[in-house]
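Trainee: What follows is a single structure, and I will ask about it in a moment.
The values are calculated or read from the model by the stated rules, or taken from the named source; none is laboratory data. A quick note: this is a predicted structure, and the numbers were derived from the prediction, not measured. All Cβ positions, glycine included, derive from the backbone under ideal geometry; neighbour counts span all protein chains shown. Just so you know, the surface numbers come from the protein's heavy atoms only, side chains and all, with ligands and any DNA or RNA stripped out. Shrake-Rupley method; radii C 1.70, N 1.55, O 1.52, S 1.80 Å.
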Amino acid sequence: MKKKLLGLILLLGFGSAQAQTDIKFEEYDLPNGLHVILHEDHSTPIVAVSVLYHVGSKNEKEGRSGFAHFFEHLMFEGSPNIERGEYMKIVQANGGALNANTSFDRTYYYEILPSNQLELGLWLESERMLQATVDLEGVETQREVVKEEKRLRIDNQPYGSFQAKMFGAAFGDSYYGIPPIGTMEDLNAAETADFTDFYETFYVPNNATLSIAGDIDPKQAKAWIEKYFGGIPAGTKEIPRPTEEPAGLSGEVIDTVYDNIQLPGIIMGYRSPKQGTKEAYAMDMISTILSDGQSSRLYKSLVDDQQLGLVIQSFPFTLENAGVFITFGLANQGVDLNQFIAAIDAEIAKMTTEMISENEYTKIQNQLENDFVSTNGSMAGIAESLADYHVYLGDANLINTEIEEYRNIDREFILEVAKKYLRPENRVVLIYLPKNEQ
């Protein structure tokens, strides 16, 4: 289940799941390897067209970091049939919206369109897959865009270095050690031929899932999918896809970061299990207990009762082959940071020594069920969930059944998992202090 990460720490409900009607869908493969998932829903006259490419920063070569994120930008440049810079204008002129995102494990593109523009969305995505413009002009343009994004969102953003420092310390020199935006050095060193090779390797039908949800006629949709995607040749290059789990930590890592900030902060990252495992679901439940809402343990203790913190949040950052359970907190002005850290540690320690109450267990099950329904409360959410479940966990029907994974976890198992992962020797601690204290 996807957790909603707060913008403050970005890398940086309604109803009940029991009342949810199963989301019906069909899926099939084209001969070129493209996996297709279709969900028909006539409740609103819109359609979500999405393509998930199974490529993220973990697939990049050493010395060429940031490529997957770079392509998130580059593949909006156009094609022989779409003039440079016109991609967004076409969608918006036809009443739609679009966006894309990149992670350690995937690159995802989508359009939300009036349902009578389904064919347009399919054509646009097929152009991107078949013949995206990857040339010197586009590379140089987007290189500067990405570099500016890095300066604004990371280098000059308070606490913005957290992702690089956390994942670098938690995963060392493994494929999860460099965040998706990459490094300035690698972005500057990359040449057009490097980008062409990356495109021909990863942005191919046999490494993609086309997921469509909304007001569609499946028969017509299939005909258009064949028309626009059927003739795209399968990729012929080997797709590097690391599967081994990165080595664990050999002990607690503590680092002090002096930043352009006013309030001191603490970011803890415990190495945690990969997504889709029973242990990962348990860690999700632990984060709900600790910080989901104002009645959660961390918020109630540190913000309400002790008034030590201004912000406190925990969430499991689950990846395809590993994970990091992150706790982020900002201390109130004048509060001793050591006291703040000790209070966080005390609440986390309780998770490893005391079984949660029956009331807490019931509460988190209800919260998770509401989250489960809310995630799939839009056509965009359904299209993305179907693609994610298929690619990462090999079962798109988890969109209907994943909640059972949570229901099958008992209080004893939550305690067992907390003991296993929430240990000081299994974590990275980043202490953020104002530069004037250096």
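Trainee: What's the magnitude of the charge dipole for segment 97-188 around its Cα centre, counting Lys and Arg as +1 and Asp and Glu as -1 at the beta-carbon? Answer in Debye, nearest 20. If you can, show how the numbers build up before the last one.
Mentor: Numbers: 8 positive and 15 negative charges, 88 e Å.
Taking the Cα centre of segment 97-188 as origin, the dipole is about 420 debye.
Trainee: Here are some pairs, Lys24/Lys363; Lys278/Lys363; Lys61/Lys165; Lys61/Lys237; which of them have Cα atoms lying more than 23 Å apart in this structure?
Mentor: Values: Lys24/Lys363 29 Å; Lys278/Lys363 19 Å; Lys61/Lys165 20 Å; Lys61/Lys237 15 Å.
Too far apart for the 23 Å limit: Lys24/Lys363.
Trainee: Right, another one. What residue among Gly265, Gly231, Gln220 has its Cα farthest toward the positive end of the dipole of the chain, where the charges are +1 on Lys, Arg and -1 on Asp, Glu, each on the Cβ?
Mentor: Gly265
Trainee: Given +1 on the Cβ of Lys and Arg, -1 on the Cβ of Asp and Glu, and no further charges, what dipole in debye does segment 106-254 carry about its Cα centre, rounded to the nearest 20? Provide the component values of the computation, followed by the final result.
Mentor: On the way: 13 positive and 25 negative charges, 85 e Å.
Using only the charged Cβ atoms, the result is roughly 400 debye.
Trainee: For segment 328-430, which chymotrypsin sites (Phe, Trp or Tyr not before Pro) are both in a DSSP coil and crowded by at most 16 other Cβ atoms within 10 Å?
Mentor: On the way: sites: Phe328, Phe340, Tyr361, Phe372, Tyr389, Tyr392, Tyr406, Phe413, Tyr421; in loops: none.
Answer by residue number: there is no such site.
Trainee: Probe of 1.4 angstrom, ligands and nucleic acids ignored: what's the accessible area per residue over segment 382-436, in square angstrom?
Mentor: On the way: 2150 Å² over 55 residues.
Roughly 39 Å² per residue, with all protein chains present.
Trainee: So if we plug the beta-carbon distance of Thr141 and Met355 into 1/(1 + (r/R0)^6) with R0 = 56 Å, what FRET efficiency do we get, rounded to 0.05?
Mentor: Details: r = 56 Å, r/R0 = 1.01.
The computed FRET efficiency comes out at 0.50.
Trainee: Turning to a different aspect of this structure: Report the charge-dipole magnitude of the chain in Debye, nearest 20, computed about the Cα centre from +1 at each Lys and Arg Cβ and -1 at each Asp and Glu Cβ. Let's see the in-between values first.
Mentor: Details: 36 positive and 65 negative charges, 131 e Å.
Dipole of the chain, to the nearest 20 debye: 620 debye.
Trainee: Residue farthest toward the positive end of the dipole of the chain, with Cβ of Lys/Arg at +1 and Asp/Glu at -1: which of Ala247, Phe202, Pro424?
Mentor: Going by the Cα projections, it comes out as Pro424.
Trainee: Under Stokes-Einstein, with the Kirkwood radius over Cα pairs standing in for Rh, what whole-number D in µm²/s applies to the chain at 10 °C and 1.306 mPa s?
Mentor: So the translational diffusion coefficient is about 69 µm²/s.
Trainee: Another one. If you roll a 1.4 Å probe over the heavy atoms of the protein chains, what accessible area per residue do you get for segment 163-244, in Å²? Don't skip to the answer; put the middle values down first.
Mentor: Numbers: 3520 Å² over 82 residues.
Solvent-accessible surface per residue comes out at 43 Å².
Trainee: Could you report segment 95-160's accessible area per residue, 1.4 Å probe, as an integer in Å²? It would help to have the intermediate numbers written out before the result.
Mentor: Working: 2560 Å² over 66 residues.
On a per-residue basis, segment 95-160 sits at 39 Å².
Trainee: Here's another thing I want to ask about it. So which GluC sites (Glu not before Pro) in segment 53-154 pass both tests, a DSSP loop state and at most 16 other Cβ atoms within 10 Å of the Cβ? Mind dumping the intermediate values first?
Mentor: Values: sites: Glu60, Glu62, Glu72, Glu77, Glu83, Glu86, Glu111, Glu119, Glu125, Glu127, Glu137, Glu140, Glu144, Glu148, Glu149; in loops: Glu60, Glu62, Glu77, Glu83, Glu86.
Hits after loop and neighbour filter: Glu62, Glu83, Glu86.
Trainee: May I ask you to give the percent of accessible area on segment 237-293 that is carbon plus sulfur, with a probe radius of 1.4 Å? List each step's numbers first, then the result.
Mentor: Working: 1100 of 2470 Å².
C and S atoms contribute 44 percent here.
Trainee: While we're looking at this one, here's another question. So what's the back-of-envelope 222 nm ellipticity for the chain, counting only DSSP H runs of four-plus at -39500 (n - 2.57) apiece and dividing by all residues, rounded to 500?
Mentor: It comes out at -11500 deg cm²/dmol, rounded to the nearest 500.
Trainee: Can I ask one more? Share of segment 366-438's accessible area from carbon and sulfur, percent, 1.4 Å? Kindly include the intermediate steps, with their values, before the conclusion.
Mentor: On the way: 1220 of 2910 Å².
That share works out to 42 percent.
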